[in-house]
Amino acid sequence: PAGARPLPRGPEWEVETREGQRQERGDNEEDSEEGSQEEEAEGASELPPPLGATSRAKRFVSEARFVETLLVADASMAAFYGADLQNHILTLMSVAARIYKHPSIKNSINLMVVKVLIVEDEKWGPEVSDNGGLTLRNFCNWQRRFNQPSDRHPEHYDTAILLTRQNFCGQEGLCDTLGVADIGTICDPNKSCSVIEDEGLQAAHTLAHELGHVLSMPHDDSKPCTRLFGPMGKHHMMAPLFVHLNQTLPWSPCSAMYLTELLDGGHGDCLLDAPAAALPLPTGLPGRMALYQLDQQCRQIFGPDFHHCPNTSAQDVCAQLWCHTDGAEPLCHTKNGSLPWADGTPCGPGHLCSEGSCLPEEEVERPKPVVDGGWAPWGPWGECSRTCGGGVQFSHRECEDPEPQNGGRYCLGRRAKYQSCHTEECPPDGKSFREQQCEKYNAYNYTDMDGNLLQWVPKYAGVSPRDRCKLFCRARGRSEFKVFEAKVIDGTLCGPETLAICVRGQCVKAGCDHVVDSPRKLDKCGVCGGKGNSCRKVSGSLTPTSYGYNDIVTIPAGATNIDVKQRSHPGVQNDGNYLALKTADGQYLLNGNLAISAIEQDILVKGTILKYSGSIATLERLQSFRPLPEPLTVQLLTVPGEVFPPKVKYTFFVPNDVDFSMQSSKERATTNIIQPLLHAQWVLGDWSECSSTCGPGWQRRTVECRDPSGQASATCNKALKPEDAKPCESQLCPL
């Protein structure tokens with residue numbers, strides 16, 4: 001409606017381009033639909049999946065999906081199409097919907113329009129500029145106020161599409177952009193957006209392509225696609241240089257795979273609900289409408305001054321649209337690649353165009369039988385993903401007995417099943433399976449800025465639960481990390497604290513016997529299926545200490561379920577006490593040499609991971625769940641300054657056959673005691689009065705670094721600097 005209520009986008013986008021605007025007959029310059037080049041912006045955002053593992057019952061199951069869509073046409077569209085605008089944009093959606101019903105997509109995808117907005121006054125619409133990325137951001141921000149938060153609301157939509165006649169540019173100044181879209185964000189209401197430049201019916205292919213990106217499909221020539229499937233040509237919907245669409249196989253195997261992985265991963269669950277009501281899409285042949293007569297097709301593609309060339313050759317009838325202007329220029333124009341006449345366009349007495357060919361009218365309009373798909377038998381079990389330690393193997397079935405035809409229903413139900421294999425334990429080598437996968441990248445000779453080779457180890461700390469099955473690796477001894485693989489090898493543990501394993505990038509339940517869905521668990525002693533009677537619990541605490549490193553306990557090899565906690569005092573961020581960890585030969589693994597790790601980190605000890613919370617956590621914690629491969633000494637570092645009494649407690653379990661006796665902390669030797677300070681230290685002033693006489697306020701004090709002579713110094717450890725402000729509230733303010 002006129003004056004549509006005024007209506008952002010995510011960080012990653014794709015743009016579709018055409019290389020040349022128009023071309024003269026005989027000109028060798030490429031234009032393009034063959035120039036649908038895309039660019040991918042920096043800062044790709046990951047898909048926004050639900051946390052945790054999806055239920056196995058839903059995984060690898062083909063279910064009907066409904067893409068509820070908002071279509072927005074801006075003022076330039078309203079001015080160009082007038083009263084025909086809604087019919088035009090619904091026709092575009094109808095063409096795209098038929099493409100998504102093709103069985104080569106390997107899923108049941110139904111495009112549904114739940115709302116149409118026509119912005120007749122541009123001041124009420126999203127700002128469209130020649131910057132494609134900015135236009136996408138503006139549109140995403142604009143559209144979200146129209147969406148209903150409840151998926152059950154009849155006007156809730158899963159994605160929003162803006163159609164415009166305005167020309168806009170992609171990255172690097174490419175101003176022949178056809179479309180821009182967020183990638184893999186279909187269920188994110190803030191980012192599930194795309195912008196399409198209208199060029200008549202050809203925009204239906206751009207719309208389908210951009211929606212493919214929103215559904216996580218990459219280009220067919222992307223490295224992941226070519227690595228798995230080899231070159232796939234320029235005739236599928238996700239080809240970056242679009243020549244013409246292969247009507248018998250519009251979707252490449254790579255597009256189908258990425259869409260299936262998105263849905264199997266639970267990232268498309270917003271598509272499971274069918275809309276309460278959807279706008280009907282045109283079902284007739286577009287070329288039969290006055291809106292798409294030949295002259296109109298030329299105007300929509302090239303501009304309002306163009307008409308169909310009357311001297312079209314016989315071979316170009318239906319196959320290639322040629323257009324010219326009324327001016328003095330006698331040349332006809334077309335686009336490289338394929339620019340067929342609209343299906344249903346009259347091409348001779350009693351003949352109509354169909355997929356680029358001129359056929360008898362009765363043949364074109366004869367109803368084609370709709371065939372629903374049926375499952376073929378299950379295929380054989382595939383290769384096991386591991387040789388030991390619990391791998392996974394798959395069996396698949398295809399929807400090809402029969403294959404759906406002419407819009408028939410795609411098969412519903414389970415399309416893949418898997419089972420455990422090679423569940424015997426691997427020979428002990430001190431390395432986890434994930435560690436072996438990270439080590440593979442040591443051979444690629446990554447270096448730091450000084451030319452030092454980096455060694456890669458698994459990274460768990462700071463990784464979102466939804467990303468646990470990606471191969472995060474960090475450089476040993478450093479914070480730098482990389483995501484080397486989007487999925488770890490099937491059978492890899494999801495984390496050091498769980499028995500769940502990764503299958504096709506998702507965590508699934510498994511037992512300690514490495515069998516999927518097994519109920520067997522590790523007991524508190526670390527024994528698979530044990531009764532907890534082969535070990536004994538050790539617990540203790542540490543109270544006042546001296547400055548420096550104070551031994552808390554030496555945990556023997558074989559200990560399990562280690563939990564060491566140091567609780568800060570309320571309202572105190574740096575209480576002067578920090579956990580530390582060292583090996584039997586005195587090498588520090590954590591917080592040694594007065595260097596404190598403030599953030600969460602993983603400590604790798606011969607294939608076993610100890611998780612450290614970071615010193616800034618209110619509850620500083622060191623945990624490990626698997627048997628410890630070697631003895632480790634836990635210490636408490638107490639630094640000078642405003643020191644609060646430590647609150648340290650620990651528990652772990654040791655096997656009954658391990659000789660272990662407790663020593664009191666008072667009897668245990670303390671190493672690295674800090675003697676009366678002969679170096680710079682933090683000097684603290686008195687706390688000021690509360691800044692507020694009532695209600696919340698702040699107290700402040702001076703914190704200065706001074707050397708032993710009292711002079712200002714810059715050599716104090718900044719990580720250990722006491723706080724210089726704290727909140728206060730002397731009394732409640734009167735009402």
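Among the residues of region 199-221, is any over 25 Å from PHE139 (Cβ atoms) and surrounded by fewer than 19 Cβ atoms within 10 Å (Cβ to Cβ)? Let's see the steps before the verdict.
Within region 199-221, the first condition is being over 25 Å from PHE139 (Cβ atoms), and the residues that meet it are 220-221.
Among the residues that remain, those that are also surrounded by fewer than 19 Cβ atoms within 10 Å (Cβ to Cβ) are: 221.
For region 199-221, residues over 25 Å from PHE139 (Cβ atoms) and surrounded by fewer than 19 Cβ atoms within 10 Å (Cβ to Cβ): present.
If I filter region 415-434 for residues that are in a loop (DSSP other than H, G, I, E, B), farther than 30 Å from GLU497 by Cα, not assigned by the TED database to the domain that holds SER479 and not aliphatic (A, V, I, L, M), do I get at least one hit? I'd like the intermediate steps shown before the answer.
At the first step, the residues of region 415-434 found to be in a loop (DSSP other than H, G, I, E, B) are 415, 422-432.
Now narrow it down to the ones that are farther than 30 Å from GLU497 by Cα: 415.
Those left that are additionally not assigned by the TED database to the domain that holds SER479: 415.
Subsequent filtering for residues that are not aliphatic (A, V, I, L, M) retains 415.
Yes, region 415-434 contains at least one residue that is in a loop (DSSP other than H, G, I, E, B), farther than 30 Å from GLU497 by Cα, not assigned by the TED database to the domain that holds SER479 and not aliphatic (A, V, I, L, M).
Within region 254-283, take every residue that is in a helix (DSSP H, G or I) and in contact with a helix residue (DSSP H, G or I) (Cβ under 7 Å, 6 or more places away or on another chain) and give me the one that is farthest from LYS101 (Cα to Cα).
CYS254
Which of the residues that make up region 679-701 are under 18 Å from GLY576 (Cβ atoms) and either of a type in the set (S, T, N, Q) or at pLDDT 70 or above (or both)?
Result: GLN681, ARG701.
How many residues does region 710-735 hold that are surrounded by 11 or more Cβ atoms within 10 Å (Cβ to Cβ) and either aliphatic (A, V, I, L, M) or at pLDDT 65 or above (or both)?
Qualifying residue count for the region: 13.
What is the number of the single condition among (1) modelled with pLDDT under 90; (2) out of contact with any Leu (no Cβ under 7 Å at 6 or more places or on another chain) that GLY530 does not meet?
(1)
Identify, please: which residue in region 304-342 is in contact with a Ser or Thr (Cβ under 8 Å, 6 or more places away or on another chain) and not hydrophobic (A, V, I, L, M, F, W, C) and is, among those, nearest to VAL243 (Cα to Cα)?
GLY337
I'd like to check something: does region 66-80 contain any residue that is out of contact with any Phe, Trp or Tyr (no Cβ under 9 Å at 6 or more places or on another chain), aromatic (Phe, Trp, Tyr) and more than 23 Å from GLU155 (Cα to Cα)?
Yes, the conditions are met somewhere in region 66-80.
Which pairs have Cβ atoms under 9 Å, sit 6 or more apart or on different chains, and link a residue in region 377-403 that is among the β-branched types (Val, Ile, Thr) to one that is surrounded by fewer than 16 Cβ atoms within 10 Å (Cβ to Cβ)?
Qualifying pairs under 9 Å: VAL392/GLN419.
Restricted to region 252-311, and to residues that are farther than 30 Å from GLU362 by Cβ and polar (S, T, N, Q), which residue is surrounded by the fewest Cβ atoms within 10 Å (Cβ to Cβ)?
THR260
Just the residues that are modelled with pLDDT of 95 or more and either part of a loop (DSSP other than H, G, I, E, B) or crowded, with 23+ Cβ neighbours inside 10 Å (or both), please, taken from region 482-492.
VAL488, ILE489, ASP490, GLY491, THR492
Could you check region 512-526 and list, in sequence order, the residues that are in contact with a Ser or Thr (Cβ under 6 Å, 6 or more places away or on another chain) and either farther than 16 Å from GLN419 by Cβ or among the hydrophobic types (A, V, I, L, M, F, W, C) (or both)?
Answer for region 512-526, where residues must be in contact with a Ser or Thr (Cβ under 6 Å, 6 or more places away or on another chain) and either farther than 16 Å from GLN419 by Cβ or among the hydrophobic types (A, V, I, L, M, F, W, C) (or both): VAL515, VAL516, CYS525, GLY526.
If ARG18 passes every condition in (1) more than 28 Å from the chain's Cα centre (by Cα); (2) more than 26 Å from LEU241 (Cα to Cα); (3) modelled with pLDDT under 95 but one, which one does it miss?
Against the list (1) more than 28 Å from the chain's Cα centre (by Cα); (2) more than 26 Å from LEU241 (Cα to Cα); (3) modelled with pLDDT under 95, ARG18 comes up short only on (2).
Could you say whether any residue in region 538-558 is among the aliphatic types (A, V, I, L, M), under 30 Å from CYS421 (Cα atoms) and in a loop (DSSP other than H, G, I, E, B)?
The answer is no, given that none of the residues of region 538-558 is among the aliphatic types (A, V, I, L, M), under 30 Å from CYS421 (Cα atoms) and in a loop (DSSP other than H, G, I, E, B).
If SER624 meets every condition in (1) modelled with pLDDT under 90; (2) within 29 Å of LYS521 (Cα to Cα) apart from one, which number is that one?
(1)
Among the residues of region 509-525, is there at least one that is outside any loop (DSSP other than H, G, I, E, B) and modelled with pLDDT under 95? Working first, answer last.
Within region 509-525, the subset outside any loop (DSSP other than H, G, I, E, B) is 510, 516, 522.
Among the residues that remain, those that are also modelled with pLDDT under 95 are: 522.
For region 509-525, residues outside any loop (DSSP other than H, G, I, E, B) and modelled with pLDDT under 95: present.
Please go through region 64-82 and pick out each residue that is touching a strand residue (DSSP E or B) at 6+ places or on another chain (Cβ under 6 Å), surrounded by fewer than 23 Cβ atoms within 10 Å (Cβ to Cβ) and either not assigned by the TED database to the domain that holds SER108 or not in a helix (DSSP H, G or I) (or both).
Correct list: PHE66 only.
Any chance region 564-582 includes a residue that's of a type in the set (S, T, N, Q), outside the structural domain of CYS716 (by the TED database) and on the phi > 0 side of the Ramachandran plot?
no
Counting only residues that are among the aromatic types (Phe, Trp, Tyr) and within 30 Å of THR423 (Cα to Cα), which one in region 363-413 is surrounded by the most Cβ atoms within 10 Å (Cβ to Cβ)?
First, pick out the residues of region 363-413 that are among the aromatic types (Phe, Trp, Tyr): 375, 378, 381, 394, 410.
Okay, now just the ones that are also within 30 Å of THR423 (Cα to Cα), so 378, 381, 394.
Details: TRP378: 14, TRP381: 14, PHE394: 19.
Among them, the one singled out is PHE394.
Mind checking which strands (runs of 3 or more DSSP E) fall wholly inside region 103-210 and carry at least 1 residues that are among the hydroxyl-bearing types (Ser, Thr, Tyr) and under 18 Å from LEU259 (Cβ atoms)?
Strands (runs of 3 or more DSSP E) meeting the threshold: 159-164, 193-197.
I need the full set of residues from region 339-362 which are among the hydroxyl-bearing types (Ser, Thr, Tyr) and buried (at least 19 other Cβ atoms within 10 Å of the Cβ), in order please.
THR345, SER354
Go through region 398-414 and report how many residues are out of contact with any Asp or Glu (no Cβ under 9 Å at 6 or more places or on another chain) and part of a loop (DSSP other than H, G, I, E, B).
Number of matching residues: 6.
Could you please give the count of residues in region 594-618 that are more than 30 Å from the chain's Cα centre (by Cα) and either modelled with pLDDT of 90 or more or of a type in the set (S, T, N, Q) (or both)? It would help to see each step written out before you state the result.
Step one: of region 594-618, the residues more than 30 Å from the chain's Cα centre (by Cα) are 594-596, 605-606, 618.
Now restrict to residues that are either modelled with pLDDT of 90 or more or of a type in the set (S, T, N, Q) (or both): 605, 618.
Of the residues in that region, 2 qualify.
The values are calculated or read from the model by the stated rules, or taken from the named source; none is laboratory data. Here the structure is a predicted model, which is why all the values come from computation and not from measurement. For neighbour counting, all protein chains shown are included, and Cβ atoms are generated from backbone atoms with ideal geometry for every residue, glycine included.
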